[in-house]
1. For segment B:14-123, with the dipole built from +1 on Lys and Arg beta-carbon atoms and -1 on Asp and Glu ones, taken about the Cα centre, which of B:Phe120, B:Leu27, B:Gln75 lies farthest toward the positive end?
2. Among bridges DSSP assigns within the protein assembly as shown, what percent are antiparallel (round to 5)?
3. With everything on Cα atoms, drop me the angle between helix A:75-88 and the longest principal axis of chain A, reported from 0 to 90° to the nearest 10.
4. Please average, across the residues of B:17-26, the number of beta carbons from any other chain that are within 10 Å of each residue's own beta carbon, and give a whole number.
5. With respect to the axis carrying A onto B, what is the closest chain A residue by Cβ position, and how many angstrom separate it from the axis?
6. Starting from the coordinates of the alpha-carbon atoms of segment A:1-137, obtain the Kirkwood hydrodynamic radius over all distinct pairs and give the value in Å to one decimal.
7. Where the label is 7 Å out from Cα toward Cβ, how close does A:Asp76 come to the same position in every other copy, in nm, shortest first?
8. Treating the point 7 Å from Cα along Cα-beta-carbon as the label, what are the nm separations from A:Glu219 to the other copies, to one decimal?
2 protein chains.
Amino acid sequence: MIFLILNSSGEYMVVYLVGAGPGDPELITLKAVNALKEADVVLYDKLANDEILKYAENAKLIYVGKQAGKHYKKQDEINEILIKEAKENETVVRLKGGDPFVFGRGGEEMLALFKEGMDFKLIPGVTSAIGVPTTIGLPVTHRGVATSFTLVTGHEDPAKKEKQVKWDFTADTIVILMGIGNLAENTAEIMKHKDPDTPVCVIENGTMENQRIITGTLENITEKNINPPALVVIGHVVNVFKEINHE
Amino acid sequence: MIFLILNSSGEYMVVYLVGAGPGDPELITLKAVNALKEADVVLYDKLANDEILKYAENAKLIYVGKQAGKHYKKQDEINEILIKEAKENETVVRLKGGDPFVFGRGGEEMLALFKEGMDFKLIPGVTSAIGVPTTIGLPVTHRGVATSFTLVTGHEDPAKKEKQVKWDFTADTIVILMGIGNLAENTAEIMKHKDPDTPVCVIENGTMENQRIITGTLENITEKNINPPALVVIGHVVNVFKEINHE
């Protein structure tokens with residue numbers, strides 16, 4: 001069964017939830033570029049690199065991300081704008097950094113569209129959690145070293161009464177996204193389960209020109225000068241990166 | 001300091017370790033397409049979709065993956081071919097499904113190139129572990145449901161005396177790659193730590209025309225008819241997929 005969903009002008013409409021990749025505008029997929037080219041409207045968050053918007057040649061661009069010092073849009077408000085634009089246009093792209101479903105709240109937007117009976121398509125992206133370590137030569141899995149890895153957000157919803165993340169992960173590699181603000185607290189928790197000497201690699205502004213790499217251990221990484229946005233990789237796979245960099 | 005590495009003809013050479021994405025030829029990055037276009041030689045494994053090789057317009061294609069009933073190349077042999085080709089050509093692409101460092105043994109190939117003093121560049125890809133669930137509308141993370149997820153291989157090196165994977169993962173979502181052969185054994189292990197009713201979604205041939213989706217629980221998924229290659233997603237995020245599919 002195929003539904004044809006029509007917008008308010010009676011035209012077939014579709015919303016693409018699209019991953020923009022980790023930052024480098026060449027690390028976007030062909031499918032994402034094609035969706036951006038086709039788009040009448042693009043709703044975008046704070047991206048690692050706004051240059052990605054160049055592919056949206058004919059689109060109205062609507063920024064829905066955070067803005068320093070200003071009221072920023074709550075998820076409900078973003079969902080409302082998304083639905084309004086979908087009703088008035090043929091092709092709407094909702095663009096998110098990385099992959100739309102890796103800590104991107106894309107699932108909530110998908111459900112909001114679903115509840116309105118709107119047609120949507122999902123276009124995955126290279127998540128920075130994997131793409132950034134890969135680009136610098138840090139394999140998140142490596143034979144004999146890591147057969148599993150866990151991705152986790154370091155920035156849980158502050159509104160939550162009880163924290164959901166317990167930090168008792170047993171995977172060989174742990175990658176923390178948005179992990180700088182609470183790094184001291186979270187590494188202390190991880191050290192209850194992993195050796196304090198476990199190597200850590202922090203990558204600021206991954207895949208970008210101002211990328212910066214800092215290495216250390218679970219015990220001493222918080223003594224280093226680190227600025228967000230940055231990705232935190234924990235585990236013996238960091239030694240592979242150190243080997244190729246003569247560290 | 002910049003090294004210029006020259007091949008046997010005195011030309012600058014580079015090896016790209018490239019992720020091909022999950023299968024759909026449009027889910028490859030622009031950077032990967034550009035590397036393939038530039039390539040003189042492409043070494044490739046069994047890919048989900050050979051159509052991706054069309055981007056390698058001018059390259060000699062060398063298959064180094066498994067072949068049914070034939071001796072298949074060991075990692076050392078692949079490393080040797082890679083180094084030999086890098087010595088004789090300007091631009092060599094080593095193409096792998098998904099991301100080169102997610103259970104792709106890319107780390108070993110990178111170290112082999114490093115030990116030979118060869119120049120290499122890493123191009124990440126959309127790993128099927130995330131890209132396939134995203135494409136079908138199954139978010140691996142979801143607010144209030146999953147703030148962490150673990151990727152693990154279901155197919156550990158059979159040569160290992162002691163299994164490294166313990167299956168006691170505490171992350172909210174578990175994604176198993178190459179997980180069908182040992183699914184009964186591995187779900188039994190996972191049920192020691194997670195509720196047998198935990199929902200499971202298996203995606204055969206993800207992002208391809210012959211994609212097939214099977215849902216169940218940790219307890220009953222092995223009773224279903226499942227054929228590799230397939231990805232296994234375990235966790236309450238599967239309910240989001242079920243919701244949009246009226247299951």
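1. Selected residue: B:Gln75.
2. Numbers: 40 of 86 bridges.
Given both bridge residues lie in the protein assembly as shown, the antiparallel proportion sits at roughly 45 percent.
3. Roughly 40 degrees, rounded to the nearest 10.
4. Working: counts 3, 0, 4, 0, 5, 1, 0, 5, 2, 8.
For this peptide, the per-residue mean of nearby foreign Cβ atoms is 3.
5. Closest Cβ to the A-to-B rotation axis, residue and whole-Å distance: A:Thr150, 2.
6. On the way: mean 1/r = 0.0663 Å⁻¹.
Evaluated on segment A:1-137, it is 15.1 Å.
7. The answer, with the shortest distance listed first, is 6.5 nm.
8. Listed shortest first, these distances are 4.6 nm.
Here, each number is a calculation from the coordinates, and none is a lab measurement. Worth saying up front: this structure is predicted, and the values here are computed from it rather than measured. Note that each Cβ is placed from the backbone with ideal geometry, even for glycine, and that neighbours are counted across all protein chains shown.
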